[in-house]
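Encoded as structure tokens, here's the structure I'll be asking about.
The values are calculated or read from the model by the stated rules, or taken from the named source; none is laboratory data. Note that the structure is a prediction, hence the values are computed from the model and not measured. Note that we place each Cβ from the backbone using ideal geometry, even for glycine, and neighbour counts take in every protein chain shown.
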Amino acid sequence: MFSKFSRLLDVEPASPAVPERAWFCHLPRLETRDLVLRPAARRDAQDIYAYASDPEVARYVLWDPHQSLAETRSYIRWLRRQYREGLPSSWVLELKSTGKVVGSIGFVWYSPLNRSAEIGYSLARPCWNHGLATQALAAASRAAFAGLPLNRLEAQHDVRNPASGRVMEKCGFRKEGLLRSRIFNKGELVDVVLWSLLRSDLE
């Protein structure tokens, strides 16, 4: 019997797995109430630059604010190369009401040997506190467990950004603990909180 979180994620445990490279090569188009999750396109450059150049959006993530539209176009080319090669990458988050791209969500890494992956996300500042990150994480997690032979999905956040942890908790992730000085980011060592979601958590 599914828990309340499995109902949120709507995962069928017996769904047949697609070979990993083929799945990453053709990231499924996903929809939530307010968002479309889809692969990035060249036309998204201006929208992505609009939020990725914001220092507040980049404050707690592992990438630096984009300094130019050319840098954003280079990022999109990298994403599209990841798609072609069937490697872990990201969806963009398109807001249904405007058609604008307002963020991204995707895989930091994927380990087929350990049947595990890490997921991360970013969202434009005007879209904070509207439940959009929760929608995106629930949809991406659902797709990952349905389409990959995945047992464990991890997510982590800077300890100074507890709002991200609340998103993870709403999607059924369980807090595993504080990792002291886990990463070196933007010139300093920072503590992070590690969360995980197991396939068995959905049963």
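Please state which one of ALA70, ALA17, ALA50, ALA45 is at pLDDT 95 or above, loosely packed, with under 14 Cβ neighbours inside 10 Å, of a type in the set (A, V, I, L, M) and over 16 Å from the mean Cα position of the chain (by Cα).
ALA70
So, in segment 80-100, how many residues would count as being of a type in the set (Ser, Thr, Tyr) and under 16 Å from the mean Cα position of the chain (by Cα)?
If we filter segment 80-100 for residues that are of a type in the set (Ser, Thr, Tyr), which is where we start, we get 83, 89-90, 97-98.
Still in the running and under 16 Å from the mean Cα position of the chain (by Cα): 83, 89-90.
Looking only at that region, the number is 3.
Take the residues in segment 79-114 that are in contact with a helix residue (DSSP H, G or I) (Cβ under 7 Å, 6 or more places away or on another chain) and in a loop (DSSP other than H, G, I, E, B); name whichever of them is farthest from LEU148 (Cα to Cα).
Only one residue fits best here, namely LYS100.
I would also like to ask the following. Got a sec? Which of ALA117, ALA146, ALA139 is within 15 Å of the chain's Cα centre (by Cα), outside any strand (DSSP E or B) and of a type in the set (Gly, Ala, Ser)?
Being within 15 Å of the chain's Cα centre (by Cα), outside any strand (DSSP E or B) and of a type in the set (Gly, Ala, Ser) holds for just one of ALA117, ALA146, ALA139, which is ALA139.
Could you list, in sequence order, the residues of segment 149-163 that are touching a residue at least 40 places away in the same chain (Cβ under 8 Å) and assigned to a strand (DSSP E or B)?
Across segment 149-163, the qualifying residues are ARG152, LEU153, GLU154, ALA155, HIS157, ASP158.
Identify, please: which residue in segment 178-187 is under 14 Å from VAL61 (Cβ atoms) and more than 20 Å from the chain's Cα centre (by Cα) and is, among those, surrounded by the fewest Cβ atoms within 10 Å (Cβ to Cβ)?
Only one residue tops the list, namely PHE184.
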